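Undergrad: I have a structure I would like to understand better, so I am pasting it below and will then ask my questions one at a time.
The values are calculated or read from the model by the stated rules, or taken from the named source; none is laboratory data. Remember, it's a predicted structure, so these values are computed and weren't measured experimentally. Heads up, the Cβs are rebuilt from the backbone with ideal geometry, glycines too, and the neighbour counts pull from every protein chain shown.
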Amino acid sequence: MNNFSYELQVSQEPTIGLVVLQTDQRIELDMRQLFDPITNMHITRIPSDAEVSTDTLMKMENDLPAATSLLPRAANFDVVGYGCTSGTSVIGASKISELIKSSCKTRRVTEPVSALIAACNHLELSRIGFLSPYVEKVSKTLRKNLQESGIETPIFGSFNEGIEEKVVQISPQSIFDAAVNLDTKEIDAIFLSCTNLNTLPIIKEIEDKIGKPVLSSNQVLAWDMARLAMGGLSQNCIGRLFKVNKL
C-alpha cells in the first residue's frame, strides 16, 4: 500500500463577497468582467421590491443580515460589497458595514456610495453630472450624501423610472445620449448611478466624446473592492478611473 502526503497550498488571490439585489440583472455580469476570473468571488441575493422608493429601499436593512449570512461561513473575506447605490444612501454606509460584519467574516465592507466618494477623491473630482434611472426624489438623499462629502452634483438627469426591472432595459445608446447631453463646463465628470444600469459598454465612448472621466456604480464598486482587497481586478477594466495609479 502506498501512502502519499501533499503540501497544503493556500490561495493568495483575494476573497470577495457581493450582496446583489433580487431584481438586479446587471451587476453580476459586470463584476465577472471587471474582476480576474481567478478571483474568489461569492455572491448572495437580498430580497428587493419591484418598485423603487425610499420606503422599499429601507426595507432591505432588515434583510441584509440574513442575506449576508448565506455567504460561505468558512470564508475569510477581504471585502464584501453591497450592490445598491440608492439603498446605501437611504440605509447609510456605516449601518450597512455594521450589518454585514455581524453576519460574515470580512475585513472590509464597501458599497457604491463610499466607492464613488473614494473614486472622486482619487481622481480629484469635486463637481459631477449625475444621471439616474429613477425619479428625482430617490436620488435626493444620495446627492445630499455626496454634498456632505465635498462632491457637488449641479447637473442632474433622470429617466424617471420607478420600476426596477425596467432599468436594465434602458439601452446603452439612450444612456450614452443622456450622459453626453448632461456635459457642461460646470462639471468635472459624469456619474451613471444604479448597479442595474447597463453602462460598461459605453463608458469609454462617453469619455472619448466629452473628454472627462465617466464613473458608474458597478465600476466604482469593483475598483473600491479591489483597492480594499489589494488586488483581483481584470487587466481589461474600462475607464479613466483604472488608468490613474495612485492606489
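Undergrad: Of all the residues that make up segment 125-139, how many are surrounded by fewer than 15 Cβ atoms within 10 Å (Cβ to Cβ) and without any contact (Cβ under 8 Å) to a residue 60 or more places away in the chain?
TA: Residues meeting the conditions: 1.
Undergrad: Looking at (1) farther than 16 Å from Gln219 by Cβ; (2) of a type outside the set (Lys, Arg); (3) modelled with pLDDT of 95 or more, which one does Ser53 not meet, given that it meets all the others?
TA: (3)
Undergrad: I need a count of the residues in segment 103-114 that are within 14 Å of Leu228 (Cβ to Cβ) and assigned to a helix (DSSP H, G or I).
TA: Matching residues across segment 103-114 total 2.
Undergrad: Being surrounded by 22 or more Cβ atoms within 10 Å (Cβ to Cβ) and either at pLDDT 95 or above or closer than 20 Å to Ser114 by Cα (or both) is the requirement here; does Thr199 meet it? Steps first, answer last, please.
TA: On the way: surrounded by 22 or more Cβ atoms within 10 Å (Cβ to Cβ): yes; either at pLDDT 95 or above or closer than 20 Å to Ser114 by Cα (or both): yes.
Here the answer is yes, as Thr199 does meet what is asked.
Undergrad: Counting only residues that are farther than 15 Å from Ser193 by Cβ and among the small types (Gly, Ala, Ser), which one in segment 115-134 is nearest to the chain's Cα centre (by Cα)?
TA: Ala118
Undergrad: So which helices (runs of 4 or more DSSP H) are wholly in segment 23-71 and hold at least 3 residues that are small (Gly, Ala, Ser)?
TA: Qualifying helices (runs of 4 or more DSSP H): 60-69.
Undergrad: Here is a further query. With respect to Ile117, is the statement that it is part of a helix (DSSP H, G or I), buried (at least 22 other Cβ atoms within 10 Å of the Cβ) and in contact (Cβ under 8 Å) with a residue 24 or more places away in the chain true? Explain how you work it out, then say what you get.
TA: Details: part of a helix (DSSP H, G or I): yes; buried (at least 22 other Cβ atoms within 10 Å of the Cβ): no; in contact (Cβ under 8 Å) with a residue 24 or more places away in the chain: yes.
Considered against the rule, which asks whether it is part of a helix (DSSP H, G or I), buried (at least 22 other Cβ atoms within 10 Å of the Cβ) and in contact (Cβ under 8 Å) with a residue 24 or more places away in the chain, Ile117 comes out as no.
Undergrad: Restricted to segment 140-191, and to residues that are among the β-branched types (Val, Ile, Thr) and touching a Lys or Arg at 6+ places or on another chain (Cβ under 9 Å), which residue is surrounded by the most Cβ atoms within 10 Å (Cβ to Cβ)? Show your work before the answer.
TA: Of all residues in segment 140-191, those among the β-branched types (Val, Ile, Thr) come to 141, 151, 153, 155, 163, 167-168, 170, 175, 180, 184, 187, 190.
Next, from what is left, pick out any that are touching a Lys or Arg at 6+ places or on another chain (Cβ under 9 Å): 151, 153, 155, 167-168, 180, 187, 190.
Details: Ile151: 21, Thr153: 19, Ile155: 17, Val167: 23, Val168: 18, Val180: 14, Ile187: 21, Ile190: 25.
Here the residue is Ile190.
Undergrad: Let me ask another. Give segment 29-53 a look and list any residue that's over 20 Å from Ala66 (Cα atoms), surrounded by fewer than 18 Cβ atoms within 10 Å (Cβ to Cβ) and under 16 Å from the mean Cα position of the chain (by Cα), or say none.
TA: Within segment 29-53, Leu29, Arg32, Gln33 meet the criteria.
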